[in-house]
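Everything below concerns the one structure shown next.
No lab work stands behind these numbers, since they all come straight from the coordinates. Note that this is a predicted model, so its numbers are computed, not measured. A quick note on method: Cβ atoms are made from the backbone with ideal geometry, for glycine too, and the neighbour counts reach across all protein chains shown.
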Amino acid sequence: MTAVHWTTRSSRTPHVLYLFIALVFILTAACSSVEQSLEQRASALDKKFMCPVCPGETIDQAQVQIAKDMRQIIREKLAAGEDENDVSQFFVDRYGIQVLASPPTSGFNSLVWIVPPVVLGISLTALYMILRDMRRGKLARVGRMNDTTNQALAPYLDAVDEEMKQSELKRRSAGGRASAPLTRSDDGSEEVNG
Amino acid sequence: MAELGQLTLMLGLALTVYATLGSVLGARKGIPELVVSARNATYLITVVGFATAIALIVAFVTNDFSIEFVYSHSSTVMNRAFLWVAFFSGNEGSLLFIVLTLSIMTSVALFLSPHSFADALPYTTAILTGIMGFFYFVLVFFASPFDSLDFTAVEGLGINPLLTHPGMFIHPPLQMTGLVGIAIPFAFAFGSLIAGKTRDEWLDLARVSAIIIWAVLGSGILVGAWWAYTILGWGGYWGWDPIENVAFMPWLALTTFIHSVMVQKRRGMFRMWNVVLLSVAFVLAQFGMFINRGGPVVSVHSFGASTLGVIFLGFMLFSLAFALFVFFWRFNDLKSDRPLESFLSREASFLLNNFLLLGIVGVTLWGVLFPLASEFAQAETVTVSAPYFNRINGPMLLALVLLMGVGPVLPWRRANQASLKRWLLLPAIFAIGAFVGMIASGLERPIALFAFSVLVFVATSIGQEWYRGTMARRRSGDNFVIGFWKLVNGNRPRHGGYVVHLSILVLAFGVIGTQFYSQREDTVLNLGESFEIDNYRIEFASHEDEPRADRLAQWANINVYKDGDYVGLLQPWSAFYPGFNQVSVRAGISTGPIEDLYIIPTDFLDARGEGVTAGGGPVTRAIFRVSINPLAWWLWISGPIFILGTVIALWPQPAVELSPARIRRRRPTGSTAFQAGD
């Protein structure tokens, strides 16, 4: 039975992939804060406030007067030595919390930030566990060969096995490609009729 | 014309009801005549839909302002070429367009579906005509484009100035066709399930139609981004606005499906999952319509806004219930043929792809809905906009791109260390080399450099596969070009897929460049003055204006010099539309592969520093916002490549090649397979 192969699978390799992905997350999430000029800080802030009168636009984008004024205020306040939080607080006091382009990270609003990574993490873990159990369960059932379906299938499976053995022999006798076992062809083909 | 139009709408409604009921009854009771008759009725709906559209077009062309829709969306003084845009620039007209495009697609789908699908076809038909029936119902009773105006008008209001842009000729049609068209693959799958054909009968039909719709929707989104880039005036091609998000989510769900369906096609796995994915895409498309037509969300472009939100919400919930019902009804028949064998296999990489794509969908949906949740839970209005989406979706999108370099080279079933090394070593070396090289050459923003390296990784992975395949062909006597041609031709779905992946890389290249390296300055220039930014010098040479009946347009003539050499003339343009009390701005853009110089006029001023509208006095000064957007050119180049890849993937294989044995033998991905196969 081909089932033999399934148990010899290396269980270590997948972690390389997860490590890779984790690395992407960490690197990108860890937004570095390098020394920036006043204008750079100001234009970064422009993108964090909504224009109060134009739906769906930040003051960075909007061309109406109030947006221009707000951009000016940001530059004045930064020049006067206030920091990003002071500017935020100033606008929130005036226009309410919806002036922020994304919710603050406190109270109920922190949910917007917390829920996605938590849910994604849980579902990825769950997916992994479900698939792992599914795989083990199926393998066990296929391996036992005692339920009726598999009994009925047995002659056919035997024939398949025989045929596979034959073509493997043929491959070997063809030479050169003998080193390629059934499960390892680089194009990912499991077929042996190539 | 109005009466005729109204009549055809009612006829359309009647026909959809007949076609839906006829199909279902005919199939259940086994009356072939009824099934055929219902199908013919479906074709007739298309004809009637055309008649309705022509009635509306005639009304527009003849300036029939007794019709409210024509009155409020066109005028005699507007640029008449944009009458076509006016057709779908409002709620009623766009609904008519949607029902027409859906009926055309349905007719084509019915006509082309193979004989082997005949048992399930009536149910597929019924689903599609049922959806059309819903739109006709809304058109007839709530949003007829033929309603008459309460008073007499000699002039219309005109078209929304934001829409008078060449992109608008194709963006809304593509977008609407793409969104409503998701119904086609959905109907193929669910028609098949209802008919009890629960194996893979629907697979190819759903796959091919899904890919077409996916390409249409994707192109529509890209054209929309181009429009936003040139007209909204702030250089923002994508703002994670709710309306953008609700078009993006179904596209992502379709992307998930067309990947996952490959596993079903090759391995007989993920059957249940694929049905779920189609349902998700379909319901998300309904959600998009709900948000678009008077949903409870604030957006920058609510052109189709109406008070029909509740009706569309109802339809979305009904669609959801329908999909769930059929799914659980056939739950036991949707089992996989095989279990997953290894977490390091093509199947598993498809699963990870699915996870990431749906993760992005979920994150985006959460962002769209959170303001409502906040309103409900704490009675406080909050905004969830770009910073949230960039922070959370950005890394996931990058991981997805990375997976494009890994997944396709993993073998089905399971991989081993040797094949991993064989296929991933070179890309990894190239990527690390590129990263080190970019750091060494002094480029800033390490995150962007990391992202660029990921692109290098994937590009190398694809290039390596093509190179090895072509070299293998060369060994059998073909030259490089013919070898490559034969390679691609031998497995078009796969290599078309690679071309699409390349287009995504190109797109990502542009996104990273513009997101991380854009610079911008505001400047006040007197006539004749110059301003320098980076290695550009721009000179405000002259000012022109053109007051017209519907708009007061003015623009600056700006000479652009780069490194001292004259590059060209840019004309950043702005116009005031009195009828809409609205200013529309067009950027002056000098584009190229390296960077765009992007200028928008913020204000035109007279000698006293007062703002001037066109014709309102001599302009001596102007305020410009000057940006340099690196790599923006690549965003738009990705479009043609994307289309090319889709066409390659969908190009029909000659029938002889469809026998499984030949496909297997010809599957030309690794060099060993080549030698063996040829």
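Structure summary
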| item | result |
| --- | --- |
| Label zone at B:TRP466, where the point sits 7 Å out along the Cα-to-Cβ direction: the range B:407-434 residues whose backbone N lies under 12 Å | none |
| Virtual spin-label span in nm between B:VAL154 and B:ASP565, 7 Å along Cα→Cβ | 5.8 nm |
| For the range B:20-153, average projected area of the Cα convex hull in nm² | 8.8 nm² |
| FRET E, pair B:GLU544, A:ILE66, Förster distance 30 Å, beta-carbon r, rounded to 0.05 | 0.55 |
| The protein assembly as shown - share of DSSP beta bridges that are antiparallel (%, nearest 5) | 100 percent |
| Length-normalised contact order of the range A:35-102 in % [C-alpha pairs under 8 Å, at least 6 apart] | 34 percent |
| Selection from B:VAL612, B:ILE600, B:GLY564 lying farthest towards where the dipole of the range B:519-633 points positive, charges on Cβ | B:VAL612 |
| Cα Rg, Dmax (largest Cα-Cα span) when computed across the range B:172-413, Å | 18.4, 54 |
| Pairs of alpha carbons in the range B:408-520 whose separation is greater than 18 Å (percent) | 61 percent |
| Radius, Kirkwood style, for the protein assembly as shown when every pair of distinct Cα atoms is counted (Å) | 29.9 Å |
| All Cα pairs of chain B, percent lying beyond 44 Å | 30 percent |
| Shielding by other protein chains, A:53-61, mean Cβ within 10 Å | 6 |
| Cα-based radius of gyration of the range A:35-102 once divided by 2.2 N^0.38 Å, which approximates compact folds | 1.00 |
| Between the range B:1-59 and the range B:192-251, the alpha-carbon center distance in angstrom | 27 Å |
| Expected-Rg normalisation [2.2 N^0.38 Å, Cα atoms] applied to the range B:519-633 | 1.06 |
| Value of relative contact order over the range B:172-413, rounded to a whole percent, pairs C-alpha under 8 Å and six or more apart | 21 percent |
| Shielding of B:510-523 by partner chains, average beta-carbon count, 10 Å | 1 |
| Footprinting exposure proxy for B:TYR18, B:TYR467, B:TYR136 (fewest neighbouring C-beta atoms within 10 Å first) | B:TYR467, B:TYR18, B:TYR136 |
| Ranked list, fewest to most other Cβ atoms within 10 Å of each Cβ, for B:HIS259, B:HIS115 | B:HIS115, B:HIS259 |
| Other-chain or far-sequence residues with amide H under 5 Å of B:GLU595's (modelled H) | B:LEU631 |
| DSSP loop GluC sites (Glu not before Pro) with at most 12 other Cβ within 10 Å: longest gap in chain B | B:1-443 |
| Other protein chain Cβ atoms within 10 Å, averaged over every residue that makes up A:98-107 | 5 |
| Cβ-based exposure ranking for B:ARG266, B:ARG492, in which fewest neighbours within 10 Å come first | B:ARG266, B:ARG492 |
| Normalised contact order of chain B, rounded percent, pairs of Cα under 8 Å and 6 or more residues apart | 10 percent |
| Alpha-carbon Debye profile of the range B:328-451, log10 I(q)/I(0) at 0.16, 0.19 Å⁻¹ | -0.97, -1.09 |
